[in-house]
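Below: the structure, in structure tokens.
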Amino acid sequence: MDYEGQICRAPMERASFMLPVMVGCSYNRCKFCNLFRHLAYRELPLEQIEEELKRVKAAGGNPKKIFLGDGNAFGLKTERLLRILERVHAYFPECMCINMDATVTSIRMKSDQELKLLYDHGVRHLYLGIESGLDDVLIFMEKDHDLAQAYEAVERLKRTGLIYDAHIMTGVAGKGRGQENAEALALFLNRTKPAHAVNFSMFLHREVPLYRHIEDGTYLPADELENLKEERTLLKLLETELLYDGFHDYIEVRVRGEIPRGKEKMVKKLDQVIGTYEGGKALYSFVRGECPDLTRCGSGDCGGKHISEKVWDMNRKDDR
């Protein structure tokens, strides 16, 4: 596959055939995200998309599940999506499930009739970057929606038959707000009932707009211990049935399972990890270069090489 950029998709799609239909993300304004910053967004020619379908078929592939990449493929115009879907089914008529990332705005821009048409052409799972349950956080991070719009978009998807999966992010609300965000997210997820919830604990990156806020003190990042505690509270409060997958790649912790059946086991694992880090130096996840080049930083131990010394000063001062 001729692929530009780093591959990023939900873990539920790891066995899917990933078909690139665009490069980068058509939105690409979320303050915390570095996945597509270095890419010039463009739609791939239909001829190139079809060549990839031909290549996979010639190699003996017959995927039953296909993921359209890259960021926010659902943001493509309905007419173009339908042309892509028609080509997919022409080469792989047994394909039963075509999934992709979406935004609340990309859903709002499509009529109910368009949503139904896409469903009828095989679209099933849409992965929505909900991130936070707090409106002020969504505004600050320049997400493309508020909570009311997210509720409305999810309801419209469900009426059509489309399946909604939520991407969320511990740490996104900043230092001291983890518990507040956990409670708000739990309320949102319990009401909207996603099939899956994938929790990517937030990391810091020098090359994204959020870093400027860290440097000028308008955003204080949460450390990994607070992120773990936020996730524990979230799990305790979740009541709806869903598959949960939580990542803390930086400290190499992952909890996953079914809610509510596996909740107790996941919470117990988090309790053990929290006990390991309780009372120690604050650790912050920091990405140097392109994801996922992670650099381990403790409270000021990096000497300012990886993250501004001012950040450590702010956090130490705030802890006094």
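Assorted remarks:
- Three-way shape label, region 1-126, alpha-carbon gyration tensor, a/c 1.5: oblate
- For the chain, a crude dipole built from +1 on the beta carbon of Lys and Arg and -1 on the beta carbon of Asp and Glu, taken about the Cα centre, is about 460 debye to the nearest 20.
- Convex hull volume per residue for region 103-240, taking Cα atoms only, in Å³: 104
- Peptide packing for 213-220, 183-190 was compared via the average number of neighbouring C-beta atoms within 10 Å per residue; ordered from the highest value, the list is 183-190, 213-220.
- Using Cβ point charges alone (K and R +1, D and E -1), the dipole size of region 1-126 about the Cα centre works out to roughly 340 debye.
- Cβ-defined net charge surrounding T170, 14 Å radius [Lys, Arg +1; Asp, Glu -1]: -4
- Peptides 22-30, 271-279 ordered by average Cβ neighbours within 10 Å, highest first: 22-30, 271-279
- In region 1-126, a dipole from Cβ-located charges (positive for Lys and Arg, negative for Asp and Glu) runs towards its positive end, and of A58, H38, M96 it is H38 whose Cα lies farthest in that direction.
- A Förster radius of 45 Å combined with the Cβ-Cβ distance from Q179 to R80 puts the calculated FRET efficiency at roughly 0.55.
- The mean sequence distance of close C-alpha pairs (under 8 Å, at least 6 residues apart), as a share of the length of region 1-126, puts its relative contact order at 26 percent.
- Spatial offset of region 83-124 relative to region 236-271 amounts to 30 Å, using the alpha carbon center of each.
Quick note: the coordinates plus some simple rules give every number you see, no bench work behind them. All values reported here derive from a predicted model rather than from experimental measurement. We place every Cβ from the backbone using ideal geometry, glycine too, and count neighbours over all the protein chains shown.
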